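Have a look at the structure below before the remarks.
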Amino acid sequence: MTKKKLLIFGVSGLTGYKIAKLAEESYDVHGTYNQRFLSLENCIVHKVNLSNKDEVYKIFLSVNPDLVINTTALHNVDYCEEHNGQAIDVNVTAVKRLREDAERFGCKLIHISTDYVFDGNNNKPYVESDQASPISFYGKSKLDGEKILEGSRHIVVRPSVVYGWTPLELAGNTSSSGKPMNFALWVLTKLNKKEPIKIVTDQFASATLADSLAESILKIAESNKSGLYHVSGLSCESRYDFTIKLAEKFGYDTSLVSPTTSASFVQKAKRPSYSCLDCQRAIQEFGLKLLTTEEALDIMKTQVEKEAPHLLGNR
Ligand SMILES: NC(=O)c1ccc[n+]([C@@H]2O[C@H](COP(=O)([O-])OP(=O)(O)OC[C@H]3O[C@@H](n4cnc5c(N)ncnc54)[C@H](OP(=O)(O)O)[C@@H]3O)[C@@H](O)[C@H]2O)c1
């Protein structure tokens, strides 16, 4: 039987890479990179800069996909604050291009947004119908990207603090996303070098294992539904509490992690103090099995034990 064709924009990124690995059994997988070339078994990779309309159109023409997943973003929050034009180009204009091409080629588009569309003033996990009111330019650009898909047959998924094991980020090549390394991997590399780190106790989120996000997106892709869905981890905790769990799970000395507050950091962009997500809608409509931080860290640890055991502590 001929497999359907999946085109992943951003296969060199954390979420894109995880989707490619999970999708290979069900789809003919194609993926794009921009600055970080990679070679993947069972995925044909193509260089595409989303800022270039012709390059985007040509990849649709050459792959003729049945399903398109957009994991790309300019998501260095501080960088976006000072480079508004670049943020609009990747987080808004490129989404418009993808929608136009997806409709021209008759395929479904799944796009990833963010919990940073919220201002953080809630005291319970945000549901999809809560008012989005971003407090950073990054959040604003992502919200504008969502609006491009409003009322369409496409899907927008909002995760929160996406993390996980990937060999690509340890290779040290700079991504055009502006993100040097995902939060959990950054913590592990610091603790591995016995470097003390200060982590905020006043920013709460529902950290999302990239593997779980990838699995959920592929499950969502099987349905004919459209609209906006929250898909994150099930826990709602501060960055500090998450970091302590991570350090303990990977066998590191937690005394290297000290608590601090957002006010003691000089950062260009504001972050919401609370951006936990309520994922009940996606759980009920798609039967997703989302994970607590404890369950997710078990999965990540198994991967690190196998692929990068030097990143484990020995406490
Ligand atoms: N990471 C988080 O904490 C977090 C939290 C909430 C939501 N999200 C959202 O989740 C999605 C996935 O995040 P992630 O952490 O998996 O991303 P990531 O690892 O930073 O990867 C981003 C991908 O986007 C590609 N890209 C960036 N600019 C591009 C351009 N101009 N043209 C073509 N490709 C471009 C990068 O390509 P190269 O690397 O090859 O340059 C890379 O493959 C994003 O939409 C992000 O906004 C992330």
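The values are calculated or read from the model by the stated rules, or taken from the named source; none is laboratory data. Please read all numbers here as calculations on a predicted model, not as lab measurements. Note: ideal-geometry Cβ built from the backbone for every residue, glycine included; neighbour counts use all protein chains shown.
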Practice item. Please identify the pairs in which a residue from the stretch 259-270 that is at negative phi has its Cβ atom under 7 Å from the Cβ atom of a residue that is assigned to a strand (DSSP E or B) and of a type outside the set (D, E, K, R), counting only partners at least 6 apart or on another chain. Key: Pro259/Ile199; Thr260/Ile199; Thr260/Val200; Thr261/Val200; Ser262/Val200
Review point. So Thr189 clears everything in (1) within 21 Å of Val304 (Cβ to Cβ); (2) surrounded by 18 or more Cβ atoms within 10 Å (Cβ to Cβ); (3) of a type in the set (Ser, Thr, Tyr) except one condition, right? Which one?
Key: (2)
Study note, to complete from the structure: Ala269 passes all but one of the listed conditions (1) at pLDDT 95 or above; (2) under 23 Å from Tyr116 (Cβ atoms); (3) not in a loop (DSSP other than H, G, I, E, B); the exception is number (3)
**Study point:** Candidate set from the stretch 122-157 (those that are among the polar types (S, T, N, Q) and without any contact (Cβ under 8 Å) to a residue 24 or more places away in the chain); member that is nearest to the ligand (Cβ to nearest atom)
**Key:** Ser133
Practice item. Evaluate the stretch 223-243: report whether one residue or more is basic (Lys, Arg), within 18 Å of the chain's Cα centre (by Cα), more than 13 Å from Thr293 (Cα to Cα) and surrounded by fewer than 24 Cβ atoms within 10 Å (Cβ to Cβ). Key: no
Practice item. Could you check how many residues of the stretch 33-69 are closer than 15 Å to Leu109 by Cα and either of a type in the set (Val, Ile, Thr) or at pLDDT below 95 (or both)? Key: 5
Check your understanding: Which residue out of Ser262, Ser216, Ser238, Ser206 is closer than 30 Å to Asp66 by Cα, among the hydroxyl-bearing types (Ser, Thr, Tyr) and either out of contact with any helix residue (DSSP H, G or I) (no Cβ under 6 Å at 6 or more places or on another chain) or modelled with pLDDT of 95 or more (or both)?
Key -> Ser216
Check your understanding: Condition test on Glu195, is it in contact (Cβ under 8 Å) with a residue 60 or more places away in the chain and in a loop (DSSP other than H, G, I, E, B)?
Key -> yes
Check your understanding: Out of the stretch 180-193, which residues are more than 10 Å from the ligand (Cβ to nearest atom) and out of contact with any helix residue (DSSP H, G or I) (no Cβ under 7 Å at 6 or more places or on another chain)?
Key -> Trp186, Thr189, Lys190, Lys193
Review point. Taking into account only those residues within the stretch 27-43 that are over 20 Å from Ala87 (Cα atoms) and within 15 Å of the ligand (Cβ to nearest atom), which is surrounded by the fewest Cβ atoms within 10 Å (Cβ to Cβ)?
Key: Ser39
Exercise for review: Go through (1) within 13 Å of the ligand (Cβ to nearest atom); (2) of a type outside the set (Ser, Thr, Tyr); (3) surrounded by fewer than 18 Cβ atoms within 10 Å (Cβ to Cβ) one by one and return the number of the condition Glu81 breaks.
Suggested key: (1)
Practice item. Name the one entry in Ser216, Ser160, Ser177 that is within 13 Å of the ligand (Cβ to nearest atom), out of contact with any Asp or Glu (no Cβ under 6 Å at 6 or more places or on another chain) and in a loop (DSSP other than H, G, I, E, B). Key: Ser177
Review point. For the stretch 45-62, how many residues meet the condition of being within 15 Å of the ligand (Cβ to nearest atom) and either among the charged types (D, E, K, R) or over 21 Å from Ala87 (Cα atoms) (or both)?
Key: 9
Study note, to complete from the structure: Only unsatisfied item for Glu24, checking (1) more than 15 Å from the ligand (Cβ to nearest atom); (2) surrounded by 15 or more Cβ atoms within 10 Å (Cβ to Cβ); (3) modelled with pLDDT of 95 or more, is (3)
Review point. Taking the stretch 100-121, which residues are in a helix (DSSP H, G or I), crowded, with 19+ Cβ neighbours inside 10 Å and more than 10 Å from the ligand (Cβ to nearest atom)?
Key: Asp101, Ala102
Study note, to complete from the structure: The condition from (1) part of a loop (DSSP other than H, G, I, E, B); (2) free of Cβ contacts under 8 Å to residues at least 24 places away in the same chain that Glu248 misses is numbered (1)
Exercise for review: Identify, by number, the condition in (1) near the ligand (Cβ under 9 Å from one of its atoms); (2) of a type outside the set (Ser, Thr, Tyr); (3) buried (at least 22 other Cβ atoms within 10 Å of the Cβ) that Ile69 doesn't meet.
Suggested key: (1)
